[in-house]
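Student: Just passing along the structure, written as structure tokens.
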Amino acid sequence: MKINDLGFNNAIDTTKIQRKNVDIENKEDKELMDACKEFESIFLYMMMKEMKKTVPRDGLIERSSASDTFEDMYLEEMSKEISKDENSLGFARQMYDSFKMQKRVKL
């Protein structure tokens, strides 16, 4: 019986290890970009909420806590939509590039 018949190889298959490292790096890159996009979304939401405070509250429609809640939910969803697209403000991409640069410098 040969050793190779048992599933043992004399040489280590480095391509599998390299592929696994690339998969881990790609997964980490995706998680980093997702976190950056989420941060951009939160930043946009906070900015739009503060901008909304500058709009006068008088008008034809009576204001209530329910309409305020609905408007806050709308701003939150709008900020998520803006930040998930490639044509967003670019904060997520800048943060992603900065974090990637810092990671390279530490290595």
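The values are calculated or read from the model by the stated rules, or taken from the named source; none is laboratory data. Since the model is a prediction, treat every value here as computed from it, not as a measurement. Glycine also receives a Cβ, built like all others from the backbone with ideal geometry; neighbour counts cover every protein chain displayed.
Student: Is at least one residue of region 46-63 at pLDDT 85 or above and of a type in the set (Gly, Ala, Ser)?
Tutor: no
Student: Let me ask something else about it. Would you check if there is a residue in region 88-97 being exposed (fewer than 10 other Cβ atoms within 10 Å of the Cβ) and of a type in the set (Asp, Glu)?
Tutor: Step one: list which residues in region 88-97 are exposed (fewer than 10 other Cβ atoms within 10 Å of the Cβ), which gives none.
Looking for residues that are exposed (fewer than 10 other Cβ atoms within 10 Å of the Cβ) and of a type in the set (Asp, Glu), one finds none in region 88-97, hence no.
Student: Something else now. When you check ASP23 against the structure, is it at pLDDT 80 or above, part of a helix (DSSP H, G or I) and out of contact with any Ser or Thr (no Cβ under 8 Å at 6 or more places or on another chain), yes or no? I'd like the intermediate steps shown before the answer.
Tutor: Details: at pLDDT 80 or above: no; part of a helix (DSSP H, G or I): yes; out of contact with any Ser or Thr (no Cβ under 8 Å at 6 or more places or on another chain): yes.
When the stated conditions are applied, ASP23 does not pass them.
Student: Here is a follow-up. Please specify each residue of region 79-102 satisfying the condition of being in contact (Cβ under 8 Å) with a residue 60 or more places away in the chain and in contact with a helix residue (DSSP H, G or I) (Cβ under 7 Å, 6 or more places away or on another chain).
Tutor: So in region 79-102, the residues in contact (Cβ under 8 Å) with a residue 60 or more places away in the chain come out as 96, 99-100.
Result: TYR96, PHE99.
Student: Report yes if ASP68 is surrounded by 10 or more Cβ atoms within 10 Å (Cβ to Cβ) and modelled with pLDDT of 90 or more, otherwise no. Quick ask: steps written out before the conclusion?
Tutor: Details: surrounded by 10 or more Cβ atoms within 10 Å (Cβ to Cβ): yes; modelled with pLDDT of 90 or more: no.
It is false that ASP68 is surrounded by 10 or more Cβ atoms within 10 Å (Cβ to Cβ) and modelled with pLDDT of 90 or more.
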